[in-house]
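See structure below.
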Amino acid sequence: MTAKPNGRPRVLVFDLDGTLIDSAPDLAQAVNALLADLGKPPLAETAIRPMIGDGSRLLLARALAASGIEGPADAFQRFMVHYLAFVADKTRVYPDVPETLAALQARGHPLGVCTNKPFAPTERVLEAFGLARFFGAVIGGDSLPQRKPEPEPLLATIAKLGGGSAAMIGDGVNDMLCARAANVPGILIPSDYGLPADEADLKIARFADLPAALARL
């Protein structure tokens, strides 16, 4: 899928939602709190999960469309107020994530996050679950004019971590397309968020498989 760098990747960049954390329950709470404000019935979390992955604005637009409304001009701002209140309520870190990040950091890998989630909730959730300490660079969906699958956010994350060979680890098509556009390997850990990815340089079933997978790049 991509040109392999010389040697194994040094810099490792991670997606957030669906890769490090399962945030769908809190995103669903925020969506449904806004729908309640607008006099609409809630959407099932199972309906909201496939809407996640392209950033909060598109998530909200899809939820409003599924509810048959466009929403008021301040819908996104109101949604973000709800989400920041719920951001660490029912969200959970996926199994083996802290231990694997610690092991990769101990091996000397600079670690970063490149997500389409806005920066403010990204920072808050990383702090809430003790993950911020692992990451030397965090780029959110509103940190730059571009978002994944455009390569700029990933390239900016890599640059902040000192540059060099790198890999993108994520759960969906935006992550793998972003990796391809940035000419770095993409490692896929599938989730039930957004559109599935058809192509990846490597596909693994569990986060704990990542250190061994890096040796195969």
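Computed from the coordinates by the stated procedures, all read-outs in this text should not be read as laboratory data. Keep in mind the model is a prediction, meaning the values are calculated, not measured. Don't worry about glycine lacking a Cβ; one is built from the backbone with ideal geometry, like all the others, and counts go over all protein chains shown.
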#### Entry: Value of Rg to Rh for the chain (Rh from inverse mean 1/r over Cα pairs, i.e. Kirkwood)
0.97
#### Entry: Karplus-derived 3J(HN,Hα), 6.51/-1.76/1.60, for each residue of the range 32-39, Hz, glycine and proline x
6, 5, 5, 4, 5, 4, 8, x
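Give me the dipole magnitude in Debye, nearest 20, for the range 24-86 about the Cα centre, with unit charges on the beta carbon: positive for Lys and Arg, negative for Asp and Glu.
Computed charge dipole of the range 24-86: roughly 60 debye.
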### Computed over the range 126-217, Kirkwood Rh from alpha-carbon pairs, angstrom
13.9 Å
### Task
Give the distance, in whole Å, between the Cα centre of the range 1-78 and the Cα centre of the range 103-163.
17 Å
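In debye, nearest 20: dipole of the chain around its Cα centre with unit charges on the Cβ of K, R (+) and D, E (-)?
With Lys and Arg at +1 and Asp and Glu at -1, about 500 debye.
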### Summary
Looking only at lysines whose Cα falls under 18 Å of K160's and that sit 8 or more positions away or on another chain, we get K148
### Query
Where does the range 24-86 land on the Kirkwood hydrodynamic radius, alpha-carbon pairs, in angstrom?
11.2 Å
